[in-house]
Amino acid sequence: MLSTLRKFLRPEARPDGRAAAAVQSEPPAWSPSRVYAVGDVHGRLDLLDALLARITEDRRDYDGRPSLVFLGDLIDRGPASAGVVQRVVELTRDPAWDVTVLKGNHEEALLLFLDQPEFGPTWAEHGGGATLAAYGVRPPASRTDTAAWSAARDAFAEGLPADHLELYRSMALWAERGDYLFVHAGVRPGVPLEAQDPKDLLWIRGEFIAAPRAAEHVVVHGHTPVEQAQLTRWRIGVDTGAYATGLLTAVRLDGTDQQLIQARA
Ligand SMILES: [Mn+2]
């Protein structure tokens, strides 16, 4: 009994020590400072505020200036995209936080609509209609009414606060802290970071999710919704589909520690 327990507590002492040694040959992922990385918010200001309250409480024991990384897709689908972006703009001005906002494919779609109103119907079908409405613009009812979409684009550009536009335009494609890489969707496996196609960073799913190890880093990402956050050795996925599920997830990284922090509707 005791020896069984010992084997359980000390897996390196198992007779099949080869497998255990192979696992131990990789040191655990390391973050040099505390990071909170927040998954896809998609217009759920209610969940974002609940999560920020938990994160604010959680950081009390931390003396440094923690990083707050938004993993993209702040907007679309949910009802309060403008409010979510306003909250994030406020956080970027708060010296207590080192805020990084990554671009998601939905923010890319918003920027594309500003340049090309004919993209509006496609954006609206993927949740952009809710974002237009949140900024006080009624999405045209007809896909093919190009004049109406052009007018909607102009009204949107007119009403969009300058600091929101600046935030959308300044969103990064990725960020790095120690052994961790933060990116909206993921990376193409085996391709060096500097050679990655931005389209993959914003859109990739299957090949990245299926890869046992896609990058040198541990990749922390959103974009592909999962019922429960995935913490594996080389990949941490925190998009818990907040818009549909009412569950918004962040991961806290500090040294070798990894903890989930969540808010539920
Ligand atoms: Mn996405």
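Residue selection: R18 fails the criterion of being modelled with pLDDT of 95 or more and either touching a His at 6+ places or on another chain (Cβ under 8 Å) or in a helix (DSSP H, G or I) (or both). Flag: T249 matches the condition of being in a strand (DSSP E or B) and at pLDDT 95 or above. In this structure, D115 qualifies as within 30 Å of E176 (Cβ to Cβ), of a type in the set (D, E, K, R) and more than 22 Å from the chain's Cα centre (by Cα). Filtering segment 110-122 down to residues that are touching a residue at least 12 places away in the same chain (Cβ under 8 Å) and among the hydrophobic types (A, V, I, L, M, F, W, C), which residue is surrounded by the most Cβ atoms within 10 Å (Cβ to Cβ)? In this case the residue turns out to be L110. One residue is enough: does segment 144-158 have a residue meeting the conditions in contact (Cβ under 8 Å) with a residue 60 or more places away in the chain, out of contact with any Phe, Trp or Tyr (no Cβ under 6 Å at 6 or more places or on another chain) and closer than 20 Å to Q86 by Cα? So far as segment 144-158 goes, no, none of its residues is in contact (Cβ under 8 Å) with a residue 60 or more places away in the chain, out of contact with any Phe, Trp or Tyr (no Cβ under 6 Å at 6 or more places or on another chain) and closer than 20 Å to Q86 by Cα.
V251 fulfils the conditions (1) farther than 30 Å from T56 by Cα; (2) surrounded by 23 or more Cβ atoms within 10 Å (Cβ to Cβ) except for a single criterion, (1).
Of all the residues in segment 173-232, those that are buried (at least 19 other Cβ atoms within 10 Å of the Cβ), within 12 Å of the ligand (Cβ to nearest atom) and in a loop (DSSP other than H, G, I, E, B) number 6.
Going by the structure shown, is E125 without any contact (Cβ under 8 Å) to a residue 12 or more places away in the chain, part of a helix (DSSP H, G or I) and under 30 Å from G237 (Cβ atoms)? Against the criterion (without any contact (Cβ under 8 Å) to a residue 12 or more places away in the chain, part of a helix (DSSP H, G or I) and under 30 Å from G237 (Cβ atoms)), E125 qualifies.
Looking only at segment 62-101, residues that are out of contact with any helix residue (DSSP H, G or I) (no Cβ under 9 Å at 6 or more places or on another chain), outside any loop (DSSP other than H, G, I, E, B) and within 16 Å of the ligand (Cβ to nearest atom) come to 1 in all.
With respect to the stated conditions, V238 fails to be free of Cβ contacts under 8 Å to residues at least 60 places away in the same chain, within 16 Å of the ligand (Cβ to nearest atom) and under 24 Å from P28 (Cβ atoms).
The values are calculated or read from the model by the stated rules, or taken from the named source; none is laboratory data. Note that the structure is a prediction, hence the values are computed from the model and not measured. Backbone-built Cβ (ideal geometry, glycine too); neighbour counts: all protein chains shown.
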